[in-house]
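Taking it in order: structure first as C-alpha cells, then the write-up.
The values are calculated or read from the model by the stated rules, or taken from the named source; none is laboratory data. This is a predicted model, so every value here is computed, not measured. Backbone-built Cβ (ideal geometry, glycine too); neighbour counts: all protein chains shown. Calculation scope for accessible area: heavy atoms of the full protein, side chains included, ligands and nucleic acids excluded. Shrake-Rupley method; radii C 1.70, N 1.55, O 1.52, S 1.80 Å.
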Amino acid sequence: MTKYAIRETALELLTRIGDQGGFSHVLLDREITKQNLSRQDGGLLTEIVYGTLQRRDLIDYYIQPYIAKQKKIKPWVRWLLYMSVYQMIFLERVPDHAIIHEAVEISKKRGHKGISSFMNGVLRNVQRKGTQDIEKIEDPMERVAIETSHPRWLVNRWVDQYGLETTKDMCGANNHHLPMSVRVQTLRIDFQEAINRLEEDGFKVEKSVLSPQGLVITEGAVLKHPLFLEGYLTIQDQSSMLVAEMMDLSEGMTVLDACSAPGGKTTHIAEKIADKGQVIAYDLHEKKAKLVNNKAEQLQLTSITAGQADSRNLKDMHEAESFDRILLDAPCSGLGVLRGKPDIKYHKKEEDIFALRKIQDELFEAIAPLLNSGGKMVYSTCTVDRHENEEAVKNFLSNHPGFSVDQTFFNELPSSLEGALGLSEFGLQLFPQEWDTDGFFLTRLVKQ
C-alpha cells in the first residue's frame, strides 16, 4: 500500500471517528483486516490515526494563528490539517516536504484549488514559523487540558480528585503507546516454555509485575505467532490480569462473572480454578456473550458457560447464595483506557459518569444476594474516576452491613504494588503512568 493511500485511509477513518462517532479500535482493526495490510503499513496507519486523535487539541492550538481568519473549515480539511501537522511534529521518519505534498494532493482530489492552496499555506507556515508556545497559557489546568488534549471538564474533575501533578502525569501517559501484553494459558503450556519459544523466534518479552501468567511483548508481532493463533496466549492488559489473580480462587469453585465480554477475565478465572469447577458468565448482548464462548473454545477451557442476560435480573435466574466467588467488572466510563481508545475522551460527557454510576449501584444491589456466606466478590472498572470506584464501593457498604472490604486483599497484592499511589481503604486504583498499564480499579469484598 502506498504512503499516499495510507494517508487517504487515515483521513477517512479520522473523519468517521471524529465527526461521526465511530470507535477508533474497531474501525482500525476492520480496515487493517479488510485491506490485509502488512505489519509496517498497519503500524503507520495506526500511528497516524491514534497519534492525531491523542493530540487533537494541542495540534489545533498549534495551528490557530494560521487558520484564525478562515471563517469555516470543512471537517475533512480540519482532520487533514491535524494529521499532517501531527506527522510533521511528532514523526521523524517522514520528511516534511513529502507530508505537505501528499496533503496538497489529497486536497486537490477531495476539494478544489482554494482548499489545496489553503492547505499548502498553513502547512508551510508551520514548517517555516513553527507553532505557538504552550507556555503562553497562564491557567495551569487549561495548559494541561490543551497540552495533553483532554477536555477541560475532565482535567478539572481529576484535579479535584487527585491533584494537579497526578492529573498532569496521567493525561501525559494517556498519549503514549500502551505496550502489548499477553496471558499464557498455563494449563496448556509451561510459562517458561512459552517465553523460550517466543525468544527463539526473535521476540523480546518481559515478565509482568502484576500476574505470574503475564508477558509484556516489547518487540515482535505476537498476533501472528503460532502460540497466539493456536490458543496458548491471549491478549490482555496487565491491569486486567490482576483481577483474577486477586479473586482468591481455587479448584472446584462456582464463580459468577456478571459482565463478562469479551472474556479475558472469564477465561483467566477458569485457568485459576484449573478448569475444575464452574464459571457462569453473562453479558447484556448476545453477540458479546458468544465472544466469551469463542474465547473459551480457543483456549480449550470447558468450565465456562456464557449466555445473554441483564445481570440486574440474575436473582430471577439463580437462587440466593449460589456462588463462591463473584466478579462484577462493571460497565463504566472507560476513562482508564484512553491510551488504546483515545476517542473516548472526546465523546464522553460528565453526565455519562453519573448515569453509569446508577447502573453500577443497581448491579451491586442485584448481584450481592447471590454470593455465599463467607464468599468474596471483586468489583473492578477500567476507569479512574472516584465516583465510579471508591465512592461506589463506599455507597454499597453503607447499605449492606453484611459486607466489608476484605483486608487480606491488601496483603495479597503483588509486592510491586506496595506503596502504590492509588491504594485506599476501599481498594486499589491503578494509574496509567505508574505501571505502564491501563487505568484500572479493583477491590475485594467479603460477605460475613
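Some points to look at:
- Within segment 299-307, one or more residues are outside any loop (DSSP other than H, G, I, E, B) and surrounded by 17 or more Cβ atoms within 10 Å (Cβ to Cβ).
Residue-by-condition table, conditions (1) within 17 Å of ALA5 (Cα to Cα); (2) among the aromatic types (Phe, Trp, Tyr); (3) at pLDDT 95 or above; (4) touching a His at 6+ places or on another chain (Cβ under 7 Å):
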site: ARG55; (1), (2), (3), (4): no, no, yes, no
site: LYS69; (1), (2), (3), (4): no, no, no, no
site: ASP96; (1), (2), (3), (4): no, no, no, no
site: VAL104; (1), (2), (3), (4): yes, no, yes, no
site: GLY114; (1), (2), (3), (4): no, no, no, no
site: MET119; (1), (2), (3), (4): no, no, yes, no
site: ASP133; (1), (2), (3), (4): no, no, no, no
site: ARG152; (1), (2), (3), (4): no, no, yes, no
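- Complete set of residues in segment 395-418 that are exposed (fewer than 15 other Cβ atoms within 10 Å of the Cβ) and over 18 Å from VAL209 (Cβ atoms): SER398, ASN399, PRO401, GLY402, SER404, GLN407, THR408
- Only listed residue being closer than 26 Å to ILE137 by Cβ, within 26 Å of the chain's Cα centre (by Cα) and part of a helix (DSSP H, G or I), chosen from MET83, MET88: MET83
- Selection status of ASP361, surrounded by fewer than 20 Cβ atoms within 10 Å (Cβ to Cβ), under 19 Å from the mean Cα position of the chain (by Cα) and closer than 30 Å to VAL155 by Cα: no
- Here segment 18-55 is the region considered, the condition is being farther than 16 Å from ARG93 by Cβ, free of Cβ contacts under 8 Å to residues at least 12 places away in the same chain and outside any loop (DSSP other than H, G, I, E, B), and the residue that is most open to solvent (accessible area, probe 1.4 Å) is LYS34.
- In segment 317-334 there is no residue matching the filter, namely being open to solvent by 20 Å² or more (accessible area, probe 1.4 Å), of a type in the set (Phe, Trp, Tyr) and either modelled with pLDDT under 95 or out of contact with any Cys (no Cβ under 7 Å at 6 or more places or on another chain) (or both).
- Apart from one condition, GLU434 fits all of (1) outside any strand (DSSP E or B); (2) in contact (Cβ under 8 Å) with a residue 60 or more places away in the chain; the exception is (2).
Yes or no, residue by residue, for (1) more than 20 Å from the chain's Cα centre (by Cα); (2) modelled with pLDDT of 95 or more; (3) hydrophobic (A, V, I, L, M, F, W, C):
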{"site": "PHE203", "(1), (2), (3)": "yes, yes, yes"}
{"site": "ILE217", "(1), (2), (3)": "no, yes, yes"}
{"site": "HIS225", "(1), (2), (3)": "yes, yes, no"}
{"site": "TYR232", "(1), (2), (3)": "yes, yes, no"}
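- Per-region count, segment 96-113, residues of a type in the set (Asp, Glu), touching a helix residue (DSSP H, G or I) at 6+ places or on another chain (Cβ under 6 Å) and under 17 Å from THR9 (Cβ atoms): 1
- Qualifying positions in segment 138-167 - open to solvent by less than 10 Å² (accessible area, probe 1.4 Å), under 17 Å from GLU351 (Cα atoms) and in a helix (DSSP H, G or I): LEU154, VAL155, TRP158
- Condition check for TYR82: surrounded by 15 or more Cβ atoms within 10 Å (Cβ to Cβ) and within 16 Å of LEU45 (Cβ to Cβ): yes
- Residue satisfying condition, being farther than 17 Å from LEU328 by Cα, in contact with a Ser or Thr (Cβ under 6 Å, 6 or more places away or on another chain) and open to solvent by less than 20 Å² (accessible area, probe 1.4 Å), within set THR437, THR383: THR437
- Of the strands (runs of 3 or more DSSP E) entirely within segment 309-425, those holding at least 2 residues that are without any contact (Cβ under 8 Å) to a residue 60 or more places away in the chain occupy 403-405.
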